[in-house]
1. Given just the C-alpha atoms of the protein assembly as shown, how large is their convex hull per residue in cubic angstrom?
2. Once the label point is placed 7 Å from Cα along Cβ, list for B:Gly117 the distances to the corresponding points in the other copies, in nm, shortest first.
3. Would you mind pulling out the separation of the Cα centroids of the range B:180-236 and the range B:111-157, in Å?
4. Can you give the mean number of other chain Cβ atoms that lie within 10 Å of the Cβ atoms in peptide B:173-185?
5. Tell me, B:Cys143, A:Cys6 in order of fewest to most beta-carbon neighbours within 10 Å?
6. How crowded by other chains is B:95-107, given as the mean number of beta carbons from other chains within 10 Å of each beta carbon?
7. Which value, in Å³ per residue, describes the convex hull spanned by the Cα atoms of the range A:18-149?
8. Order these peptides, A:16-27, B:129-140, by their mean beta-carbon neighbour count within 10 angstrom, highest first.
2 protein chains.
Amino acid sequence: MKAVPCGRLRPGQDLGAWASEALERSGLRPQDGDVLVVAHKVVSVAEGRLVRLEEVQPSAAAVRLAQETGKDPRLVELVLRESVEVVRARPGLLITRHRLGFVCANGGVDRSNAGLGCAVLLPADPDASARRLREALRARFGCQVGVVVADTHGRAHREGAVGVCVGLAGLQPLQDHRGRRDLYGYILTSSVEAVADELASAATLLMGQADENRPLVLVRGWRAWGEGSARALVRPPERDLFR
Amino acid sequence: MKAVPCGRLRPGQDLGAWASEALERSGLRPQDGDVLVVAHKVVSVAEGRLVRLEEVQPSAAAVRLAQETGKDPRLVELVLRESVEVVRARPGLLITRHRLGFVCANGGVDRSNAGLGCAVLLPADPDASARRLREALRARFGCQVGVVVADTHGRAHREGAVGVCVGLAGLQPLQDHRGRRDLYGYILTSSVEAVADELASAATLLMGQADENRPLVLVRGWRAWGEGSARALVRPPERDLFR
């Protein structure tokens, strides 16, 4: 697993070309079955999902929720536009269900590495973003790689945030071990592993959260195969373990 | 990151000696700052935390909960002994708060890779287990490595389980990026990263869940430093984001 040194991406720049050039410059030539993990932020910036807060007009609902949480009403307005449900709001905390199903802080809207006075939204369709990047890499390098679009999410019962997969192409997000036998012949009954989230977590260790700017990580040795969608990682509300 | 080929560990065997020999045989010599991730199961087996189900006498409470969940009453008895609170019980599902604070399925009690008719409990004190393993590696190889004891846990809002850290030594579980500046000078306000969980997730990708038997993974390039406890990863109930 290696972070790919890359320059800053300009809003609207072609992500596939930018990533391919970064890989070529670094001498990291992707191979069949590699996984490229990309921070959602560069995907969003390439796709123009940057919003200048001064251009946001907060609704009355956003103003109320901003008072409740102590957050910027313009930011809260963006959160509400990106979300289908407010899960929890209290001072300093706003957890929603994003329109893509993810339960996370601030509807995936983030002010870090967005530029001062700006916020970044999640890509409109992160699976489609991943597919386009996979295609660009296939065209450039002639190989089939998996792509994981990563964000960091907090957890209900554990401190700290970890990398998770919000979009993917060229791999299956869940690996089902059920029905297989263990070392002693016992048949596994409940082992479904969220490998796409584990790949995102692994890569996030190398990406850094502040000014390190390592939004691309190439993973080798874990063979990506199959197809899937990050939506399979979303536990539908009716299957929520804690309701 | 490399899985260390190793033979089967016998109950009661010395974990430090067993792991050191596996590392030596594989030619993977640990270096300062490496992290050795070890599946909790081999730690538990070494420490005799194996229980034969036929020797377990279920209490009346365990029998009731077994009926509610459709689980083996002897397994439920072990879960209750290991737990301080039942978080959710319904057919096929039993989520508790383990005595160490972790909220997870079946109180961390697991039948896979335990031997037929047996169950494995979490180590009595996984941080202490990690410290002993770290000491054994220091004595054998003369270097300071971090140790992460890994289990796999499900998540409230996401499908599939991922590797998490239940014990550690020689590293800090949380990396606090708050107060640092991003690429544009914006000061990060909420970025605490659960790096020990991300290390566990990364290693779990290589460990396998069934008969692969790869309970040791050596991670190089992410420099472990400092001290800490896996207890810092537990979000106390009063800070639970979803209550």
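Read-outs: derived from the displayed coordinates by stated rules, not from any lab. Since the structure is predicted, the reported quantities are computational estimates derived from the model, not experimental observations. Please note: Cβ atoms are built from the backbone with ideal geometry, for glycine as well, and neighbour counts cover all protein chains shown.
1. It is 135 Å³ per residue.
2. Copy-to-copy label distances for B:Gly117: 7.4 nm.
3. 15 Å
4. Mean partner-chain Cβ count within 10 Å for B:173-185: 5.
5. B:Cys143, A:Cys6
6. 1
7. Residue-normalised Cα hull volume stands at 109 Å³.
8. B:129-140, A:16-27
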